[in-house]
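Below is one structure, written out as structure tokens, with a few remarks after it.
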Amino acid sequence: MENKSTNYSQLEKNANIKRIAAKTVVYTFLALWAVVVLFPFYWMVLTSVKSYASYSSEFIPKFFTLSPTFQNYIDAFTMVSLGRYFLNTLIFTLVTTALMLFITIPAAFAFSRLNFKGKNLVFTLFLSLMMIPGELVVITNYTTVTNFELRNTFAGLILPSVASVFYIYLLKENFAQVPDELYYAAKVDGTTDLKYLFKVMIPICKPTIVTITILKVIECWNSYVWPRLVTDKETHFLVSNGIQAIRESGFGRENIPAMMAAVVAISVPLVVLFLVFRNKIMEGVARGGTKG
């Protein structure tokens, strides 16, 4: 009996050692991977707080600095039109996101709750648009915007970006999880579809709506190709195009620390947004992709 207990204890001990060893390997790998992923951000921030003279005198790059300076951030906002780029991007992001929600929420509600002839066919054709790469419609959109003389305008920037098949699909799947009994009970009480949408569906599916809102904000903030095509005037540059213009100018090529300061400045809002709402994003995506 004593031998059996001893053997059992030894087996349990060996199992614990293997479990600890496995966790050690996994966490070591994750730590190394985190360093690899985060190092470029660290290097960007580090360079942004180095003086131009200090950066230029480094024959061998240093991984820290004892004399940080914020002059580069001042130069980034005073020597180039970074403030204007921020304002343009803010207008573009807010208006585009608002119009996207105005289109996405009613469309998702119609496909999930309303019954009309050809609904399944229309939704299938709608989903088939997801199979078309976005690059294929760029030329068509560019021609349309040019023909309507909307280049170098906010309308030309915003209109091609207000509809998203993926967001409609994601929200439609989330709306479909709400029990039909709620809808029928509301109709018996004389509730209109619009009132049911705002009083029942939107509050219940708020995490998914918050998710698609945040994803759209990130998408707009990082938008580069389309704004680059339809804007060639600095008055309508977004931050992504503005950074490219700064890089191509003498200021960006010579003053690398100030260039990095500008990149940090435009990256901070998205980083903060993601860190604050990361749980909402994961919850919304999970709820949108799960039936039942």
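At a glance:
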{"item": "Candidates Phe116, Phe63, Phe59, filtered to the one that is outside any helix (DSSP H, G or I), touching a residue at least 12 places away in the same chain (Cβ under 8 Å) and exposed (fewer than 15 other Cβ atoms within 10 Å of the Cβ)", "result": "Phe63"}
{"item": "Members of region 165-204 found to be surrounded by fewer than 19 Cβ atoms within 10 Å (Cβ to Cβ) and among the polar types (S, T, N, Q), listed by number", "result": "Gln177, Thr191, Thr192"}
{"item": "The one condition in (1) out of contact with any Ser or Thr (no Cβ under 6 Å at 6 or more places or on another chain); (2) small (Gly, Ala, Ser); (3) surrounded by 18 or more Cβ atoms within 10 Å (Cβ to Cβ); (4) at pLDDT below 80 that Ala262 fails to fulfil", "result": "(4)"}
{"item": "Total residues in region 181-236, condition more than 23 Å from the chain's Cα centre (by Cα) and under 18 Å from Arg151 (Cα atoms)", "result": "4"}
{"item": "Exclusive hit being among the β-branched types (Val, Ile, Thr), under 30 Å from Ile168 (Cα atoms) and in a helix (DSSP H, G or I), set Val95, Val45, Val26", "result": "Val95"}
{"item": "Test for Phe175: is it touching a residue at least 60 places away in the same chain (Cβ under 8 Å), assigned to a helix (DSSP H, G or I) and within 15 Å of Ala110 (Cβ to Cβ)", "result": "yes"}
{"item": "Residue list for region 216-248, filter: modelled with pLDDT under 80, surrounded by fewer than 20 Cβ atoms within 10 Å (Cβ to Cβ) and farther than 18 Å from Ser56 by Cβ", "result": "Gln244, Ala245, Glu248"}
{"item": "Count of residues meeting criterion [in contact (Cβ under 8 Å) with a residue 12 or more places away in the chain and either touching a Gly at 6+ places or on another chain (Cβ under 9 Å) or under 30 Å from Tyr196 (Cα atoms) (or both)] in region 66-101", "result": "16"}
{"item": "Residues being under 25 Å from the mean Cα position of the chain (by Cα) and polar (S, T, N, Q) - total across region 111-139", "result": "1"}
{"item": "Pick from region 102-112, criterion out of contact with any helix residue (DSSP H, G or I) (no Cβ under 6 Å at 6 or more places or on another chain) and either in contact (Cβ under 8 Å) with a residue 60 or more places away in the chain or exposed (fewer than 15 other Cβ atoms within 10 Å of the Cβ) (or both), ranking: nearest to Ile212 (Cα to Cα)", "result": "Ile105"}
{"item": "Qualifying residue in region 81-97 (condition: farther than 19 Å from Phe154 by Cβ and small (Gly, Ala, Ser))", "result": "no"}
{"item": "Residue that is of a type in the set (D, E, K, R) and under 19 Å from Met100 (Cβ atoms), where the choices are Lys195, Lys233, Lys199, Lys216", "result": "Lys216"}
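The values are calculated or read from the model by the stated rules, or taken from the named source; none is laboratory data. In this text the structure is predicted, and so the values were computed from the model without any measurement. Glycine gets a Cβ as well: all are built from the backbone with ideal geometry, and neighbour counts include every protein chain shown.
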